[in-house]
Amino acid sequence: MLPIRGSLYYVDKSFDAKRIEKELDAQKAAGFDLLWINGPLLHPDYPREAAAFDPIEVIMREAAYRKMTVYLEVMAREDWHEHWDLSVDLPASRAILEHLSAKYNRYASMAGYYLGNEIYVVEGREREYCLALWKEVAEWCRELTPGCRVVLSPFFVTDRREVLGYPYAEPSVYESFWNDIFREVTLDSLLLQDSGAEHGAFFDLDEREPYFAAVRRACVANGVELWGNVELAEIAVANYEELKAFRGELGANGPGFQDTRWIQVPIAKLEAKMALASRYCSELVSWGYQQFVSPCSGKTGARPYERQFRKLNKMAAASQAGK
């Protein structure tokens, strides 16, 4: 079983150097050697004071000191999926890349870029948007940061009745979709999210496997590494109807991460998720460490859960020694 190598890390201006150091120390102790960053500070239009403290720069420096690597998100705007507008999003993406490469290429921790358009199977105008955006942005990434890696973290939808409003597609359709994308877009790794039900705890592990198998076939056929994005948190609801009610008009996170229905994935279930993803993937990453496991999270049960997670992840790393 593969260990989890790192987790998505949201950063805003509230971060100070002490918090960053504490967080990275905890991640390193958990066995992490990479992090991928998102948040408003990555955008060149974010309001800044002259000579203001830059949390991203501190992360890049402290990650290099700990021999960790960093992927920076490129995403033109939060609500891109409500517009699908290349005339706005292509130049915005170029501006983000010029800003990030100019500031952070000099750090040894700089590994590459994470294209933040998290998506399932789309068709028509929406597919054309993804193809054109990813193709151009991936090329710009390599132009502005030579030798960098470019990654993407999509998800899959198993809601056959489309209760949540997402279009359902069989695993074979995902294989065809990613085959089509890879023929035109040069990606290094696809970080497949393992949720499948928008974080719902009711989602059975067996339902995930056909999607991992299908996407892996597309990755293998096109020379793209498949990584598993094994999530550490889930929403304690019994079905899609309860999940829809939980979300209401508030979006995928519902009332927020401090809601008691947001829970850490039970360790035995997490181990099973890691084992499943390990059968199809060459590396594992995650989401949810910062919000639900980290000593800085403030989430109920985080400290004892972190000890269990650290033990599990070290066991997984030890199982790979010598391979």
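Quick rundown of the values:
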item: Cβ-based net charge around residue 222, under 13 Å, with every Lys or Arg adding one and every Asp or Glu removing one; result: -2
item: Rounded to the nearest 20 debye, dipole of the stretch 4-319 from Cβ charges on Lys, Arg, Asp, Glu; result: 1380
item: Net charge, residue 150 excluded, C-beta distance under 13 Å - Lys, Arg +1, Asp, Glu -1; result: -3
item: The stretch 187-316: C-alpha gyration tensor shape, a/c 1.5 cut-off, then a/b vs b/c; result: oblate
item: Hz values of 3J(HN,Hα) by residue in the stretch 80-86 - Karplus curve (6.51, -1.76, 1.60), Gly and Pro given as x; result: 3, 6, 9, 10, 6, 10, 5
item: Relative contact order [Cα under 8 Å, 6+ residues apart], the stretch 4-319, whole percent; result: 18
item: Under Karplus coefficients 6.51, -1.76 and 1.60, residue-wise ³J(HN,Hα) of the stretch 253-258 in Hz, glycine/proline x; result: 8, x, x, x, 5, 7
item: Total formal charge among the other residues, if their Cβ is under 12 angstrom from that of residue 296, Lys/Arg +1 and Asp/Glu -1; result: 0
item: Among 199-207, 153-161, the order from most to least packed when residues are scored by Cβ within 10 Å on average; result: 153-161, 199-207
item: Amide H contacts under 5 Å for residue 69, placed H, 5+ residues apart; result: 34, 35
item: Relative contact order (%) - criterion: Cα under 8 Å, at least six apart; region: the stretch 1-120; result: 28
item: Karplus-derived HN-Hα couplings along the stretch 125-139 (A = 6.51, B = -1.76, C = 1.60, θ = phi - 60°), whole Hz, x at Gly and Pro; result: 4, 5, 5, 4, 4, 4, 4, 5, 5, 5, 4, 5, 5, 4, 5
item: Reachable aspartates and glutamates from residue 269, criterion Cα separation under 16 angstrom, eight or more residues apart if same chain; result: 194, 204, 206, 207, 209, 231, 234, 306
item: Amide hydrogen neighbours beyond the local backbone of residue 109, cut-off 5 Å, H modeled; result: 64
item: Other-chain or far-sequence residues with amide H under 5 Å of residue 5's (modelled H); result: 284, 285
item: Kirkwood Rh (inverse of mean 1/r, distinct Cα pairs), the chain, angstrom; result: 20.2
item: Surface/4 of the Cα convex hull for the stretch 86-235, nm²; result: 9.7
item: Charge-dipole axis of the stretch 4-319 as Lys and Arg at +1 and Asp and Glu at -1 on Cβ define it, positive-most pick from 274, 317, 151; result: 317
item: Cross-link pairs beyond the 27 Å C-alpha cut-off, checked among 22/299; 18/67; 22/314; 135/244; 67/135; result: 135/244; 67/135
item: Cα principal axis extents for the stretch 46-104, largest first, Å; result: 40, 27, 18
item: Radius ratio Rg over Rh of the stretch 1-130, counting only Cα atoms, Kirkwood formula for Rh; result: 1.00
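No lab work stands behind these numbers, since they all come straight from the coordinates. Note that the structure is predicted; figures quoted are calculated from it, not measured. When we count neighbours, we look across all protein chains shown, and the Cβ atoms used for this are built from the backbone with ideal geometry, even at glycine.
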